[in-house]
Amino acid sequence: MSSHKNDGSIAPKERVNIRYKPAVGDQTAEVELPLNLLITGNLRGTSDDTPLDERQPLAINRNNFNAVLEQSGIERDFSIPSLLDNVMAQTRFQPASESYDITRQGVTAFIAAMLESNNDEEPVDILAVNAMIADIDDRMGRQMDLLVHSPEFQELESFLLSLKLLVDRADPRENIKIHVLHATKEELLDDFEFAPEITQSAFYRHVYSSGFGQFGGEPVAAIIGNYAFKNSTADMKLLKYISAVSAMAHSPFLSSVSPTFFGLESFTELPGIKDVAAIFEGPAYTKWRALREAEDSKYLGLTAPRFLLRHPYAPDENPVKSFNYREDVSQNHENYLWGNTAFLLASNIAESFARFRWAPNIIGPQSGGAVKDLPVHLYEAMGQLQAKIPTEILITDRREYELAEEGFITLTMRKGSDNAAFFSANSVQKPKTFPNTAEGKAAETNYKLGTQLPYLFVITRLAHYIKVLQREQIGSWKERGDLERELNTWIRQFVADQENPPADVRSRKPLRQAKIEVSDVEGEPGWYQVSLSVRPHFKYMGASFDLSLVGRLDRE
């Protein structure tokens, strides 16, 4: 079966104009909700005594990037031996011996005397000095290699450069806002485990309460987690918790998986797998299969493999100002700095919003899924010039399709270039099969598209407006019927029920059909259930389709 590259989907090309009129205050102009992206990850690198509930997400953009990082209080401890320690290692003294400290002080004084010598009568041997400088550069370079290749430093540098990439590609003038929250995987799991219920967790407060569930708040469009999930009991539990909050807030969670998720030591082994589907059939993946069957899992998007964040440090390609540093990455694939591919998907979401005011245009090389200007490291091996693949591996059409079917999002490199593309963006949720009838096949297509992020972002955008409208009208729309009538009145202004309307009509009225139903929730008097169903003008395989979403609105 072919890849998603030929799936016939047509992304919208018009800039839509979805807005609402605030019900309070003196403002009469209609308002557009911003695209809010929440980034979570281990930003500090050390334990944070501040409870997760009391931490505040920091607004970050191109102009305040460095200031926000300073405010975040980044701290890392690296156990890297100093150059002096290496010198001492060449002596016969042991660190525990009484003579060690005295000898170390003597070596320090000797080096200082060498550096401070200013004897004018003693001729300077330029060649010797240059050789000494080169030797020092080389020794410092090896020390730097130990530092920048340590897992702790790589985790931090990868997070910062991934965040910088997203911030640089997201134009704040286009009503795009980014916030970053320091939270490790362990902290998130503890937060959920110790909360009496999910709605009392700190993560719920950050994602739902402060934006989606608060008067005047702005909903979170997507959450990007700088994590590499494994097929462990703890990680499966955490993904289940996160998906529940994401479903409540209609905010998809994007992250990545570790190669160990596939039973691999490195993603470079991925092309050697003969049958991807067979990996997940064993008992070790019981929790994963259960997660894929869950309704909330359509709010999870997991990427793999990683992408190259920068060239290795070198005087000619990526110079370090302080000294002549040439980073040695030849010994290990992991010595390169790899990034979480979810950040590239998030940058496509931001680009789609900047151009079209919603985010279905995130897949396909010609439809918003392209990723350009990836770093390509050239190096010599066996007497020939080689290029390091910036997506770790080349993924074939077949392998891309297989991974997508198993609930993963991959970045496919265009061979011999510096650009790549997302050809699909399936959520974790497993599509269902329906009866082999005309109605069954239509229902199967609708369900399948509902599991794919480009289409999910269409309907979650509308869901955010519905929530804001209801929140601002609390007290005015007292009855269920009032709420249903007013919400349908609002959404009908974006509907044009005609075949192939002109571009200007599709821009103002991007939907062909739309319907909202509000019902009481039995046994829960504080909530309404809201069912939203829409049919966009753009088509799939040449046919129209419906997107649906069921959510809840609190009455008060």
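Just checking, does region 489-497 include any residue being in contact with a helix residue (DSSP H, G or I) (Cβ under 7 Å, 6 or more places away or on another chain), of a type in the set (A, V, I, L, M) and outside any helix (DSSP H, G or I)?
For region 489-497, residues in contact with a helix residue (DSSP H, G or I) (Cβ under 7 Å, 6 or more places away or on another chain), of a type in the set (A, V, I, L, M) and outside any helix (DSSP H, G or I): present.
Considering each residue of region 157-170, count those that are assigned to a helix (DSSP H, G or I) and crowded, with 19+ Cβ neighbours inside 10 Å, and give that number. I'd like the intermediate steps shown before the answer.
Quick first cut of region 157-170, residues assigned to a helix (DSSP H, G or I) only: 157-169.
If we keep only those that are crowded, with 19+ Cβ neighbours inside 10 Å as well, we get 158-159, 162-163, 166-167.
Result for region 157-170: 6.
Suppose the filter is assigned by TED's automatic domain parsing to the domain that holds Leu300, closer than 25 Å to Phe307 by Cα and touching a Phe, Trp or Tyr at 6+ places or on another chain (Cβ under 7 Å); does Met236 pass it? Give the steps one after another, and end with the answer.
On the way: assigned by TED's automatic domain parsing to the domain that holds Leu300: yes; closer than 25 Å to Phe307 by Cα: yes; touching a Phe, Trp or Tyr at 6+ places or on another chain (Cβ under 7 Å): yes.
For Met236, the condition - assigned by TED's automatic domain parsing to the domain that holds Leu300, closer than 25 Å to Phe307 by Cα and touching a Phe, Trp or Tyr at 6+ places or on another chain (Cβ under 7 Å) - is met.
Working only within region 250-296, note down all residues that are in contact with a strand residue (DSSP E or B) (Cβ under 7 Å, 6 or more places away or on another chain) and on the phi < 0 side of the Ramachandran plot. Write out each step before concluding.
Start the filter on region 250-296 by keeping residues that are in contact with a strand residue (DSSP E or B) (Cβ under 7 Å, 6 or more places away or on another chain), which leaves 250-258, 261.
Residues satisfying the conditions are Ser251, Pro252, Phe253, Leu254, Ser255, Ser256, Val257, Ser258, Phe261.
Evaluate the following for Val428: is it surrounded by 18 or more Cβ atoms within 10 Å (Cβ to Cβ), in contact (Cβ under 8 Å) with a residue 40 or more places away in the chain, touching a helix residue (DSSP H, G or I) at 6+ places or on another chain (Cβ under 7 Å) and not hydroxyl-bearing (Ser, Thr, Tyr)?
yes
Filter region 216-233 down to residues that are under 24 Å from Phe353 (Cβ atoms) and assigned to a loop (DSSP other than H, G, I, E, B) and give me whichever is modelled with the lowest pLDDT.
In this case the residue turns out to be Gly216.
Given Asp191, Asp145, which one is at pLDDT 80 or above, within 30 Å of Leu33 (Cβ to Cβ) and either among the polar types (S, T, N, Q) or part of a helix (DSSP H, G or I) (or both)?
Criteria check complete, one pass: Asp191.
Any residue in region 455-475 that is closer than 26 Å to Gly369 by Cβ, touching a Lys or Arg at 6+ places or on another chain (Cβ under 7 Å) and not assigned by TED's automatic domain parsing to the domain that holds Phe212?
Looking only at region 455-475, we keep the residues that are closer than 26 Å to Gly369 by Cβ, and these are 455-465.
Subsequent filtering for residues that are touching a Lys or Arg at 6+ places or on another chain (Cβ under 7 Å) retains 456.
Among the residues that remain, those that are also not assigned by TED's automatic domain parsing to the domain that holds Phe212 are: 456.
Scanning region 455-475 turns up at least one residue that is closer than 26 Å to Gly369 by Cβ, touching a Lys or Arg at 6+ places or on another chain (Cβ under 7 Å) and not assigned by TED's automatic domain parsing to the domain that holds Phe212.
Do the conditions hold for Ile279, that is, is it among the β-branched types (Val, Ile, Thr), surrounded by fewer than 22 Cβ atoms within 10 Å (Cβ to Cβ) and either closer than 22 Å to Phe423 by Cα or in contact with a Lys or Arg (Cβ under 8 Å, 6 or more places away or on another chain) (or both)?
no
Under the condition of being among the polar types (S, T, N, Q) and surrounded by fewer than 19 Cβ atoms within 10 Å (Cβ to Cβ), which residue from region 469-487 is modelled with the highest pLDDT?
Gln473
State yes or no: is Ser201 on the phi < 0 side of the Ramachandran plot and surrounded by fewer than 18 Cβ atoms within 10 Å (Cβ to Cβ)?
Against the criterion (on the phi < 0 side of the Ramachandran plot and surrounded by fewer than 18 Cβ atoms within 10 Å (Cβ to Cβ)), Ser201 does not qualify.
Taking Val458 as meeting all but one of (1) within 22 Å of Tyr299 (Cβ to Cβ); (2) free of Cβ contacts under 8 Å to residues at least 40 places away in the same chain, write down the number of the exception.
Just one mismatch for Val458, condition (2).
Taking region 431-446, which residues are closer than 17 Å to Leu300 by Cβ and surrounded by 15 or more Cβ atoms within 10 Å (Cβ to Cβ)? Break it down stepwise before answering.
Applying the first criterion (closer than 17 Å to Leu300 by Cβ) to region 431-446 yields 431-432.
Listed by number, the list holds a single entry, Pro431.
When only residues in region 529-543 that are among the hydroxyl-bearing types (Ser, Thr, Tyr) and at pLDDT 90 or above count, which is surrounded by the most Cβ atoms within 10 Å (Cβ to Cβ)?
The residue in question is Ser533.
Taking into account only those residues within region 263-279 that are in a helix (DSSP H, G or I) and not hydrophobic (A, V, I, L, M, F, W, C), which is farthest from the chain's Cα centre (by Cα)?
Selected residue: Gly272.
Condition check ((1) of a type in the set (Gly, Ala, Ser); (2) over 30 Å from Asn175 (Cβ atoms)) across all residues:
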position: Val276; (1), (2): no, yes
position: Glu281; (1), (2): no, yes
position: Pro305; (1), (2): no, yes
position: Trp338; (1), (2): no, yes
position: Thr341; (1), (2): no, no
position: Ala354; (1), (2): yes, no
position: Ile362; (1), (2): no, no
position: Pro365; (1), (2): no, no
position: Gly369; (1), (2): yes, no
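Enumerate the pairs (first residue in region 219-248 and more than 30 Å from Asn175 (Cβ to Cβ); second residue anywhere and acidic (Asp, Glu)) with beta-carbon separation below 6 Å, excluding pairs fewer than 6 apart on the same chain, so at least 6 apart or on different chains.
Filtered contacts from region 219-248: Phe229/Asp235.
Would you check if Arg173 is more than 15 Å from the chain's Cα centre (by Cα), assigned by TED's automatic domain parsing to the domain that holds Glu218 and surrounded by fewer than 16 Cβ atoms within 10 Å (Cβ to Cβ)?
Yes.
Being part of a loop (DSSP other than H, G, I, E, B), over 30 Å from Arg506 (Cα atoms) and over 13 Å from the mean Cα position of the chain (by Cα) is true for just one of Gln366, Gln331. Which residue is that?
When all the criteria are applied, what remains is Gln331.
Would you check which residues across region 248-300 are of a type in the set (Asp, Glu) and touching a Leu at 6+ places or on another chain (Cβ under 8 Å) and list them? Please lay out each step first, then the result.
First, the residues of region 248-300 that are of a type in the set (Asp, Glu): 265, 269, 275, 281, 293, 295-296.
Listed by number, the list is empty, since nothing qualifies.
Could we say that Tyr455 is among the aromatic types (Phe, Trp, Tyr), in a helix (DSSP H, G or I) and modelled with pLDDT of 95 or more here?
So Tyr455 passes the test.
Of the residues Asn332, Asn361, Asn318, Asn324, which is buried (at least 21 other Cβ atoms within 10 Å of the Cβ) and polar (S, T, N, Q)?
Just a single option satisfies the conditions, and that option is Asn361.
Restricting attention to region 373-420, and to residues there that are in a helix (DSSP H, G or I) and of a type in the set (Lys, Arg), which single residue is surrounded by the fewest Cβ atoms within 10 Å (Cβ to Cβ)?
Arg398
Return the residue satisfying two criteria in turn: it lies in region 19-32 and is in contact with an Asp or Glu (Cβ under 7 Å, 6 or more places away or on another chain) and at pLDDT 80 or above, and of such residues it is nearest to Gly542 (Cα to Cα).
Arg19
The values are calculated or read from the model by the stated rules, or taken from the named source; none is laboratory data. Values in this document were obtained by computation on a predicted structure and should not be read as measured data. Neighbour counts are summed over all protein chains in view; Cβ atoms, including those assigned to glycine, are modelled from backbone coordinates with ideal geometry.
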